[in-house]
Amino acid sequence: MPTTDEIFDKVRQTLTDALGVDDDEVTSEATLIGDLGAESIDFLDIVFRLEKNFDIKIPRGELFPESIASADSSFVQDGVVTDEGLANIRNSMPYADVDKLAEDPKVENVQDLFTVNMMVRFLEAKLAN
């Protein structure tokens, strides 16, 4: 199994290729949308490239769940992710830093869960199985 640094290096290369960013922009804490400029269509390309680069299969929605803070009224109320919504995110994204979101659970902050470090942790878990 590759080391964390080896996984990070492959993730960095994947993101520089997919998003056209410089490799020094791809830090472990960089957010895919806010810092690296990823758009929804880019997420499909990133998953495809990760599958190829790591020789794994990532089922749709496994790395980037499509409705982690859906319009479900029990998950979001008045633009804020509820405790039930946070629990749902923790369940569907165990590799994400949900504690940071819990500090300021506005819906618009959900996109900040998608960090380079989150991807590395996901891949570590995936490759360990």
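Things worth noting here:
- Links that overshoot a 22 Å alpha carbon limit, given the list Lys10/Lys57; Lys10/Lys126; Lys10/Lys52; Lys52/Lys100: Lys52/Lys100
- Exposed trypsin sites (Lys or Arg not before Pro) absent: longest stretch of the chain, with sites in DSSP loops and at most 16 other Cβ within 10 Å deemed exposed: 61-129
- Available extension along the chain between Ala128 and Glu29 is 33.4 nm, counting 0.36 nm per residue and deducting the alpha carbon span.
- In this simple spin-label approximation, Asp78 and Asp5 carry label points 7 Å from Cα along the Cα→Cβ vector, and these lie 4.9 nm apart.
- Order of Leu127, Leu101 - criterion: other Cβ atoms within 10 Å of each residue's Cβ, fewest first: Leu127, Leu101
- Since only Val107, Ala87, Gln77 are under comparison, the one whose Cα sits farthest along the positive direction of the charge dipole of the stretch 65-113, derived from C-beta charges on Lys, Arg, Asp and Glu, is Ala87.
- Ranked Met118, Met1, criterion: other C-beta atoms within 10 Å, fewest first: Met1, Met118
- Charged side chains reduced to their Cβ positions (Lys and Arg at +1, Asp and Glu at -1) give the chain a dipole of some 560 debye around its Cα centre.
- Size of charge dipole - the stretch 65-113 - debye, nearest 20, with Cβ of Lys, Arg +1 and Asp, Glu -1, no other charges: 100
- Within the stretch 40-103, the GluC sites (Glu not before Pro) that combine a DSSP coil assignment with at most 11 other C-beta atoms in a 10 angstrom radius are Glu66.
- Structure-derived semi-axes √(5λ) of the Cα gyration tensor in Å: which label, when the choices are [x] 52, 21, 9; [y] 25, 16, 13; [z] 30, 14, 13: [y]
- Gained length - Leu44 relative to Glu108, 0.36 nm times residue gap less alpha-carbon distance: 21.0 nm
- For Val80, Val116, order by how many other beta-carbon atoms lie within 10 Å, fewest first: Val80, Val116
Read-outs throughout are calculated quantities, based only on the coordinates presented, and are distinct from any laboratory measurement. None of these values were measured; they are calculated from a predicted model. Glycine gets a Cβ as well: all are built from the backbone with ideal geometry, and neighbour counts include every protein chain shown.
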